[in-house]
Amino acid sequence: MNASFRISGAGRLNQAKTASFSFDGKSYLGTEGDTLASALLANGVHLVGRSFKYHRPRGFLSAGAEEPNALVQIVRDDARKTPNVRATVQELYDGLTANSQNRWPSLAFDVGAVNDIASPMFSAGFYYKTFMWPKSAWLNFYEPKIRSAAGLGVSPDRPDPDHYAARYAHCDVLVLGGGAAGIAAALAAAETGVRVILADEQAEFGGSLRFESGAKIEGENGFDWAQAAIAKLKALDNVRVLSRTTAFGYYAQNFVGLVERVSDHLKSPGRELARERLWQVRAKRVVLATGAIERHMVFANNDRPGIMLASAARAYLNHYGVAVGRNVGIYTANDSAYAAAIDLRKAGVNIAAIVDLRDNPSGPVIDEARGLGIEINFGRAVVSAGGKLRVSSMTVQPKNGGGERTIAVDAILMSAGWTPSVHLFSQSRGKVAFNEETRRFVPGAYAQDCMSVGACNGTDGLDATIDEAYAAGAQAARDAGGKDSSGKMGQGARPKVDGSESWSRGMLGAAPGAGPGTTVKAFVDFQNDVTAKDIRQAVHEGMHSIEHVKRFTTNGMATDQGKTSNMHGLAIAAETLGKPIPQVGLTTFRAPYTPVTFGSIVGHARGALFDPTRRTATHGWAAAQGAVFEDVGQWKRAWYFPKAGEDMHAAVNRECVTVRKAAGLFDASTLGKIEVVGPDAAKFMELLYTNPWEKLEPGRCRYGIMLREDGFIYDDGVVGRLAPDRFHVTTTTGGAPRVMHHMEDYLQTEFPHLNVWLTSITEQWAVIAVQGPSARKIIEPLVEGIDMSDEALPHMSVREGKICGVPTRLFRMSFTGERGFEVNVPADYGEAVWEALWAEGQKHGATAYGTETMHVLRAEKGYIIVGQDTDGTVTPNDAGLDWAVGKKKTDFVGIRGMMRADLVAKSRKQLVGLKTKDPKVVLEEGAQIVEDPKQSIPMKMIGHVTSSYWSENCGRSIALALVAGGRDRMGQTLYVPMPNGTIEVEVTGMVFVDEKGERLNG
Amino acid sequence: MAKAAAKTKAAGASASVERRPALAGRAVSAPGVKVEILPPAERISLRAPEASVPALSKALGVTLPATPKSSAAKGGRTALWLGPEEWLIIDETGNDPLADCAKISALHSAVGISHRNVAISVAGPAAAVTVNSGCPQDLSLEAFPVGAASRTILGKSEIVLLRTAADAFRVECWRSFSDYIFTLLSEAASDAAN
């Protein structure tokens, strides 16, 4: 396919270097350095998409990031189909495949375009008004239908094979925007030696110098000067230059989020390259040099393909060497469009006519255009565009009415003026101010340490821009603490401007022919299909705040965030309201400036790096034994150890029986462990736990309960006193971090006078529980220096010594009701000691058991699990743990809370045991309990099941439950209504095995 | 307090089971940076009021630093300031600092955490960038000079970061987080030279 709109000799690309690509299945030839937009335009393709609501044919409006129309799907492979890519920023690579969106069956014939004909139905607020009744239809009918009809493009349906990098960076001066202003600011800051980051969203720096043929700096064409300046900056150690990098969010304290597109422009990026890189930059000073965006004219059918911003046509011509048409019309309200006409005319393109709304403008560009023989019509308006899939004509009329004249064109270039890009400034919480003279919002009061320079600050003209930017760069460097080593900071190398283009004011709002009382489709917001009429209708229907108008019409709410539409929408609303613009106000700018991929936000945090996976020292051994693991917080814990042919039920039954008959080994390493050390350690323990500690002898252990200030159980665990000033505290697995914080919080804020310190030792020690009648026989042969007799090492005691030649803290304790030990060894020895214990255990018929068996065995003994049998509303008394509250104690965290009237009331729910009448029925945890199953629904629920298991040791099911007044109901029959019938249960004590506790020494 | 601590000294002469450090020997090289697991070291968490600092410094053979974000090193032993009254002592010569602290009576808390932490070396011209992939601190030499130390984060895990040379860091994390930290650093390393 011949790229027939490429003009030989025009632009900066090497036209000999071609790249092939396809759009909607058709092959084209582009040039290296093209964007998808410029490559399509070179082939005469303007029609690239269908609009969101009316499915109107659309072409390119812009040549940059503000593009509302030309959204395409880029397809690399089955897994990489990126929707909503702006063709104006997608760089071309050889083999690029793109498809249009939001059309069916084809772009040229789209069934959805019936919406355009039916558009009177779809006016502003249509969705709010239409899909209200009946209410029930919303969820099942309207919402799914609207959702499937809405949206642009198709989401990829496979996992993203690309990877995304992330980086934090700090600098003294962050310059956002790499046009003339940004480069000048960066040069000034860089020469002081401070750390500078300069970022621009384009592949090449230069900003509007890309198309401003009249700009001359340092005797060079502006764009060439920019490239030389960037090369100079890149060579400096203190400067980082980031191209293809969009600053999308400006957050508190000069924290700026940027996304760098690393490989989307490459034909076949290597696996080593990330697709994108997220930069999170903290800058001492920020210089905003974000430029300005040209506005379109609001007139009937201003969305036809071939109608675009004048500056865009200049960029396509002066940079890419592409003419956007052969017979071009111009519709403008300011000077800058004349430059487009002049550039195109000089490149050999016919300019059908310039239509200028202004009455008698004058200036060098107007003279030059006239000199080139271009027809100029002042005081006239384009009231309508002809053509459908491509503009074919413009209808011109004197702006105050009169005879119409239709001029044949194949493109219309428009300019209503320039809107300063204050997005990032506004995101920084700065307040914009309306300049009455120039009719634009510019940065007003600053909220952060930043400055705006150039067009985004409302500064016109290249000379004034460079002046301002260079001074600001130097000032920012000084403010950031840069040293003026040369003594002439900010004076030396200010770039000299030799040629500049003038900027002039334009107009805001609807142009003649689209004003009040008209019903034409004059688009304000192209991406959301909002017309001037819609804005006026919103005001007429009572939306008087610009925030309401925005939401009612969706003006500015599309992915382009209203870059071209906000000011027009505001002006039309203000006019309709009869108020001045500043009184109506501007809507808030929010991050992101342009769409950001989920991938770049997620970065490395996916797959194995989504969240840390914590494994204990014996994980490898357990995995090799075929253990099934369960997630407990971030930990992987062995759940059960099935033998060949065993299901979970069979494995757990076997493990449970074996532990009570012989012994079992269990990895308890994940339990939280805190070493409490200092002369006031016991005092501190007295204050944090309900139990008394002062009199606990070194070498002994105690089961401790920790409350919150409100008197409810917060955590529990066995605590061993190693020395008068040293406690080894254990917590629940899930509670480890928060218990540590809770203790540290109280230590620092309530008890700072105590000489005691807390150290987490959770990961210092691997913990191997050996439980069962043979436990001692298994451990004894491996232990040195500890007398393991019942007299020397009674239940609830702790000794330090050696096991398998390595240090141990050996606890005699039990969470099974059997004779039990917990062997603590330094973590790196955990697996080897486990293997030694396992080998001994084999001689005695021991089993390895997992968390499920641990749960069953403790439930058989009525030992609670905080967080399962308690839920943050359970007191020690509720849980039957009054014995663990020091009766003589006068102070501990929660003591006053525990005395509250509600917490001592008789009717509180208390923890009890439940036995089903049918021993084979296992209750469901969480099931509700009632007194009378025959009462009408809703029944009065008096409690719920907290723990429930099949107990092979008991030969029946067992359960724990919280039941109102439960301890007074022993022997009572209660009922658990379930979907399949009501289950009868008997209230019992909580201990189902060895009620006297004889097995602890058995 | 000293007595109990002394008892947990490293194993004596009797035959002991083998030590299996987490991720032992793992290393990844990328352009400009190498990430590798460092050998085990002796470590204590040391807490003490200001008055005890001279005695502890003497016992440990290294002056405990008093400035935030700093460390002091002598003879293979490094003291990292982690917070007010808090230091991490790392000994790479096999001499247990717990035993040294046990000898003095000045008020302090010394807790053995040799096995709690795993150390990872990140070294090479792209080391700082690699760490900055998940650590938000300013790692320029001005802000984080050689010897600077900080308890901070890397991705979703806490780490202690020590700059051992202009282009080298020691990353300390808890044992069960070491796989996550090592994997994250490895992935970051592959992007760091770009």
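What accessible area per residue comes out for chain A, rounded to a whole number of Å², with a 1.4 Å probe?
38
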Exercise. Search the structure for amide H atoms under 5 Å from the amide H of A:TYR331, placed 1.01 Å from N in the peptide plane, and list their residues when 5 or more places away or on another chain.
Key: A:VAL355, A:LEU413, A:MET414, A:SER415
Quiz item: Given H placed 1.01 Å from N in the peptide plane, which residues other than close sequence neighbours of B:ALA30 have an amide H under 5 Å from its amide H?
Solution: B:VAL35
Quiz item: In straight Cα distance, which lysines are under 25 Å from A:LYS888, not counting same-chain residues fewer than 8 positions off?
Solution: A:LYS683, A:LYS695, A:LYS906
Practice problem: May I ask you to evaluate 6.51 cos²θ - 1.76 cosθ + 1.60, the Karplus curve with θ = phi - 60°, for each residue of the stretch B:51-65 and list the ³J(HN,Hα) values in order in whole Hz, giving x for glycine and proline? | Solution: 4, 8, 4, x, 5, 5, 4, 5, 5, 7, x, 8, 6, 5, x
Quiz item: Roughly how crowded by other chains is peptide A:718-730, in terms of the mean Cβ count from those chains within 10 Å of each of its Cβ atoms?
Solution: 2
Quiz item: For the protein assembly as shown, what is the Kirkwood estimate of the hydrodynamic radius, computed as the reciprocal of the mean inverse distance between distinct Cα atoms, to one decimal in Å?
Solution: 35.1
Quiz item: How long is the gain from A:ASP710 to A:LYS695 if the chain were fully straight, where each residue apart is worth 0.36 nm and the alpha carbon distance is subtracted?
Solution: 2.8 nm
Practice problem: Kindly identify chain B as rounded, prolate or oblate by the Cα gyration tensor criterion: order the square roots of the eigenvalues as a ≥ b ≥ c, call it rounded if a/c is under 1.5, otherwise compare a/b with b/c, prolate if a/b is larger, else oblate. | Solution: oblate
Quiz prompt | Protein accessible area in the protein assembly as shown, 1.4 Å probe - carbon and sulfur % | solution = 53
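To two decimal places, what compactness ratio does the stretch A:712-828 give when its Cα radius of gyration is scaled by 2.2 N^0.38 Å? All intermediate terms of the calculation are to be shown ahead of the outcome.
Values: Rg = 15.7 Å, N = 117, 2.2 N^0.38 = 13.4 Å.
My calculation over the Cα atoms of the stretch A:712-828 gives 1.17.
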Quiz prompt | Residue-averaged 222 nm ellipticity for chain A, from DSSP H runs of 4+ at -39500 (n - 2.57), nearest 500 | solution = -6000 deg cm²/dmol
Quiz item: Which angle from 0 to 90°, rounded to the nearest 10, does the C-alpha axis of helix A:180-190 make with the longest principal axis of chain A?
Solution: 50
Quiz item: Under the Karplus relation 6.51 cos²θ - 1.76 cosθ + 1.60, θ = phi - 60°, what is the ordered set of whole-Hz ³J(HN,Hα) values for the stretch A:191-204, x standing for Gly and Pro?
Solution: 5, 7, x, 6, 7, 10, 10, 10, 10, 9, 6, 7, 5, 10
Exercise. Round to the nearest 0.05 the FRET efficiency obtained for A:SER27 and A:ALA235 when R0 = 35 Å and r is the Cβ-Cβ distance.
Key: 0.30
Quiz item: Which of the pairs A:LYS636/B:LYS34; A:LYS643/B:LYS34; A:LYS388/A:LYS550 have their Cα atoms more than 31 Å apart in this structure?
Solution: A:LYS643/B:LYS34
Quiz item: In whole Hz, what ³J(HN,Hα) sequence does the stretch A:100-114 give by Karplus (6.51, -1.76, 1.60; θ = phi - 60°), x for Gly and Pro?
Solution: 6, 10, 6, 9, 7, x, 9, 5, 7, 10, 10, 4, x, 5, 4
Quiz item: In the stretch A:18-127, if every C-alpha pair distance is counted and binned at 10 Å from zero, what percent goes to each bin?
Solution: 15, 44, 29, 10, 2
Quiz item: Taking a probe of 1.4 angstrom, what is the accessible area of A:LYS683 in Å², to the nearest 10?
Solution: 110
Quiz item: Using 7 Å Cα-to-Cβ label points, what is the A:LYS934/A:LEU273 separation (nm, one decimal)?
Solution: 7.9
Quiz item: Is there a simple number for the mean count of other chain Cβ atoms within 10 Å of the Cβ of residues in A:158-167, and what is it?
Solution: 3
Quiz item: Mind ordering A:955-968, A:399-412 by average Cβ neighbours within 10 Å, highest first?
Solution: A:955-968, A:399-412
Self-check item: Percent breakdown of C-alpha pair distances by 10 Å bin, ordered from the shortest bin, for the stretch B:41-114
Solution: 23, 62, 15
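Based on the mean of other Cβ atoms within 10 Å per residue, sort peptides A:666-675, A:287-296 so the most packed one is first.
Working: A:666-675: 24.1, A:287-296: 27.1.
By packing density, highest mean first, the sequence is A:287-296, A:666-675.
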Self-check item: Mean Cα-pair separation over length for chain A, i.e. relative contact order, pairs under 8 Å, 6 or more apart, %
Solution: 9
Self-check item: Averaged over A:764-773, number of beta-carbon atoms from partner chains that fall within 10 Å
Solution: 2
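Quick check on packing: order A:243-251, A:542-550, A:167-175 by the mean number of other C-beta atoms within 10 Å, highest mean leading. Walk me through the intermediate numbers first.
Numbers: A:243-251: 21.9, A:542-550: 18.0, A:167-175: 25.9.
Going by the mean number of other Cβ atoms within 10 Å, highest first, we get A:167-175, A:243-251, A:542-550.
The values are calculated or read from the model by the stated rules, or taken from the named source; none is laboratory data. Because the structure is a prediction, the values reported are computed rather than measured. Note: ideal-geometry Cβ built from the backbone for every residue, glycine included; neighbour counts use all protein chains shown. These area figures cover heavy atoms from the full protein model, side chains too; ligands, DNA and RNA do not enter into them. Shrake-Rupley method; radii C 1.70, N 1.55, O 1.52, S 1.80 Å.
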